[in-house]
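The values are calculated or read from the model by the stated rules, or taken from the named source; none is laboratory data. All of these numbers come straight from a predicted model, not from anything done at the bench. Quick reminder, even Gly has a Cβ in these numbers, built from the backbone with ideal geometry, and neighbours come from all protein chains shown. Accessible surface areas use protein heavy atoms only, side chains included; no ligands, DNA or RNA. Shrake-Rupley method; radii C 1.70, N 1.55, O 1.52, S 1.80 Å.
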Amino acid sequence: MADMFNSIRWSNADPDMAERSADVVRTLLRHGHEAYWVGGCVRDEYMGRRVNDMDITTSALPEVTCSIFPKVIPTGIKHGTVTVLMEGQSFEVTTYRVESGYEDHRHPTEVAFVEEVTEDLRRRDFTMNAMARGIDGSWVDPFGGRADIDRQVIRCVGDARLRFREDALRMVRCIRFASVFGFSIAVHTWRGILSERDTLSWIAMERIRSEFEKILTGPAPLRGLELFVRSGLYARMKAPFPYTGHDTKAIEAMNGIKPEHSTIRWTLLLLACGISAQEAEELLRSWTFSNKQREAIVKLLALHESYRQKKEGEATESARHRWVKLVLAHGAEAAQGWLQLQKALNHTGAASASLSVIEQLDGWLRELRIRSLKDLAITGNELLESLDKRGGPWLGALLGQLLEKTAAGLINNDKESLIEEAKRVVIQNEGL
Ligand code: ATP
Ligand code: MG
């Protein structure tokens, strides 16, 4: 579709995504509307950061956008947002709009479409997020977003107090950007947080958690948490947030954990808060974690609590058995995560296992072929049959014992050996 509109080059975006998004912008222009790239993609490209998605803002009304493109999803059509599908890529195309009537500090009650791109930019949160670029690379940067990026400052568009009062989540976003980009916060913007912080209690934990995830998986979680504590925001959420900044070693250790391992980073945060596995269960529920992530974190904490160092004079074999038992009780995944966590804690001097011990435990874990009941060469039913007994709670306990012994290498994992051991255990128990 190369024609009268020469397109800018995007150095930090997937070339296919950039090309398809340019198709969207050009098509809108050709129909006589205005259209720009806007928000995060413009900011990230300017900062030399990877561009993940490309949003477009246009003067075309949502129904018009829908009629221009063959494949659209009316995602948030009332608020002006339409998702345009373009050869496997998708883009959010939003009509220039202003918002008003944020009575609950989180949702605008009214949205009005407007004619000027500058008006649309004015409703956005920070100067660096309130910039747009045209097809030819031209800039619309009415609030000095580039200058603020150059100075490495986060600054609200307009009056910070009003902007935070409209939508309290912006305060958390502010800290998230400061922490992830390593930027400072403009004085007025910071004062705005201090004066409006009570309104944070209106915001759904879901949205706060998603900002928090970005702080934790970013390059400087400690800074984000410090700002969170210093601003007083930490004490004003719907759900409790027990971090008070005393244990920084566990937080510093996050830098030793890959960002994609967010479960381990969250576990470190809970350790820094002195939260037990049992307490974590409820806390993570209140933070609206998915069951899967909550369980993974709780298992890691539980393993951490049960781990005991090798005692003076304890035989290596016995230490190995204890470790195998822990792995079986909490799962191999939790064990792997815990070893990584310990490695990271070693660098900040807060580990409960030394590097040489970690290496040994890691070796034992890798050797471990039998990790759960499904790896056993016998099923519960087969056991019942060969023992000629009826099922009951004792069966689970017996299977557990067999699992432990095979995993530790004390008996072989074949039917015959397992049945033999089962009989021995049953006779022993009945003799009691
Ligand atoms: P990220 O890199 O995490 O995607 P982002 O700035 O792109 O950051 P999005 O949630 O994708 O964040 O929002 C896209 C754009 O929408 C922002 O750049 C900003 O212009 C605007 N925006 C998002 N959330 C708010 C908000 N709470 N208040 C005002 N404007 C917002
Ligand atoms: Mg974005």
Residue separation between Glu430 and Val229 times 0.36 nm, minus their alpha-carbon distance, gives in nm 66.4 nm
Sorted largest first, the Cα spans of region 77-196 on the principal axes come out in Å as 43, 35, 27
Expressed in µm² per second, the diffusion coefficient of region 1-140 from the Stokes-Einstein equation, with Rh the Kirkwood radius over alpha carbon pairs, at 10 °C and 1.306 mPa s, is 104 µm²/s
Note: Glu260 to Glu110 extended length (0.36 nm per residue) minus current alpha-carbon separation gives 50.2 nm
The percentage of the accessible area of region 1-98 (probe 1.4 Å, all protein chains present) made up of carbon and sulfur atoms, to the nearest whole number, is 49 percent
The helix 205-216 Cα axis meets the longest alpha-carbon principal axis of the chain at an angle in degrees, between 0 and 90 and rounded to 10, of 80 degrees
Working note, region 236-328: Cα radius of gyration (Å, one decimal) and Dmax (Å, whole number) are 15.3, 51
For region 373-428, the Cα convex hull volume per residue in Å³ comes to 71 Å³
Two pseudo-spin positions, 7 Å from Cα along C-beta at Ser386 and at His31, lie apart in nanometres by 7.1 nm
With the convex hull built on the alpha-carbon atoms of region 273-432, volume per residue in Å³ sits at 155 Å³
Straight-line reach check, Lys214, cutoff 14 Å on alpha carbons, 8 or more apart in-chain or any other chain, hits among aspartates and glutamates -> Glu206, Glu260
Within region 210-252, the residues whose backbone N lies under 19 Å from a label point placed 7 Å from the Cα of Arg285 along the Cα-to-Cβ direction are 238-242
Dividing the surface of the Cα convex hull of the chain by four yields a projected area in nm² of 27.5 nm²
Binned at 10 Å starting from 0, the alpha-carbon pair-distance distribution of region 193-349 in whole percents comes out as 10, 38, 33, 13, 5, 1, 0
Two pseudo-spin positions, 7 Å from Cα along C-beta at Thr316 and at Glu119, lie apart in nanometres by 7.7 nm
The chain: relative contact order from alpha carbon pairs under 8 Å, six or more residues apart, as a whole percent, is 8 percent
Taking r as the C-beta separation of Arg369 and Glu420 and R0 as 22 Å, the FRET efficiency to the nearest 0.05 is 0.65
With label points set 7 Å from each Cα along the Cα-to-Cβ direction at Glu359 and Asp136, the distance between them in nm comes to 6.4 nm
Heavy-atom accessible area per residue of region 1-140, all protein chains kept, 1.4 Å probe, expressed in Å², is 47 Å²
With a 21 Å threshold on alpha-carbon distance, the violating pairs from Lys389/Lys423; Lys249/Lys343; Lys249/Lys311 are Lys249/Lys311
Across Ser231, Ser356, Ser100, the residue with the highest GNM fluctuation in the chain (Cα network, 10 Å cutoff) is Ser356
Measuring from the longest principal axis of the C-alpha atoms of the chain, the long axis of helix 415-431 (C-alpha) lies at a number of degrees, nearest 10, equal to 70 degrees
CD proxy, 222 nm, the chain: helix-only mean residue ellipticity via -39,500 (n - 2.57) per DSSP H run with n ≥ 4, per residue, nearest 500, stands at -15500 deg cm²/dmol
